[in-house]
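Worksheet: one structure, shown below.
The values are calculated or read from the model by the stated rules, or taken from the named source; none is laboratory data. Owing to the predicted nature of the structure, the values given are computational and were not obtained by experimental measurement. We place every Cβ from the backbone using ideal geometry, glycine too, and count neighbours over all the protein chains shown. In case anyone asks, the SASA skips ligands and DNA or RNA and just uses the protein heavy atoms, side chains included. Shrake-Rupley method; radii C 1.70, N 1.55, O 1.52, S 1.80 Å.
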Amino acid sequence: MASSFRAFLNSPVGPKTTHFWGPVANWGFVLAGLVDMNKPPEMISGNMTSAMCVYSALFMRFAWMVQPRNYLLLACHASNETVQLYQLSRWARAQ
């Protein structure tokens with residue numbers, strides 16, 4: 001157990017690298033999108049939500065192509081893409 005934890009700490013995507021802390025910080029976008037689901041759709045910015053969809057799609061590709069593959073970043077942006085597409089659909093229905 002201790003050796004596998006030590007291996008994770010020192011891995012190329014472990015907590016000593018930006019490959020770990022970047023995705024951890026990006027989970028804030030997902031949390032903000034989840035909190036915004038309780039707000040009325042009239043408060044949603046179609047332009048900003050669209051930009052967030054493009055941003056997450058681009059970074060999903062980046063997370064897949066970068067070596068070593070960053071599965072934590074991929075999961076974060078896939079989650080954000082899902083949340084933002086839902087928000088965009090709420091905005092579109094309200095228009």
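Is there a residue in region 41-63 that is part of a helix (DSSP H, G or I) and touching a Pro at 6+ places or on another chain (Cβ under 7 Å)? No - not one qualifying residue is present in region 41-63. Taken together, the criteria exclude Val83 from residues that are surrounded by 12 or more Cβ atoms within 10 Å (Cβ to Cβ), of a type in the set (Val, Ile, Thr) and in a loop (DSSP other than H, G, I, E, B). In the set (1) assigned to a loop (DSSP other than H, G, I, E, B); (2) buried (at least 18 other Cβ atoms within 10 Å of the Cβ), Pro68 fails one condition alone, (2).
Any chance you could count how many residues in region 65-95 are in contact with a Gly (Cβ under 9 Å, 6 or more places away or on another chain), of a type in the set (S, T, N, Q) and farther than 26 Å from Pro41 by Cα? Summing the residues that are in contact with a Gly (Cβ under 9 Å, 6 or more places away or on another chain), of a type in the set (S, T, N, Q) and farther than 26 Å from Pro41 by Cα in region 65-95 gives 1.
When you check Leu31 against the structure, is it open to solvent by 50 Å² or more (accessible area, probe 1.4 Å) and in contact (Cβ under 8 Å) with a residue 12 or more places away in the chain, yes or no? So Leu31 does not fit the description; no. List pairs: first residue in region 40-63 and in contact (Cβ under 8 Å) with a residue 24 or more places away in the chain and surrounded by 12 or more Cβ atoms within 10 Å (Cβ to Cβ), second residue in a helix (DSSP H, G or I) and acidic (Asp, Glu) anywhere in the structure, Cβ distance under 7 angstrom, at least six positions apart or on different chains. Partner pairs satisfying both residue conditions: Cys53/Glu81; Ser56/Glu81; Ala57/Glu81. Within region 29-40, not a single residue is more than 18 Å from the chain's Cα centre (by Cα) and small (Gly, Ala, Ser).
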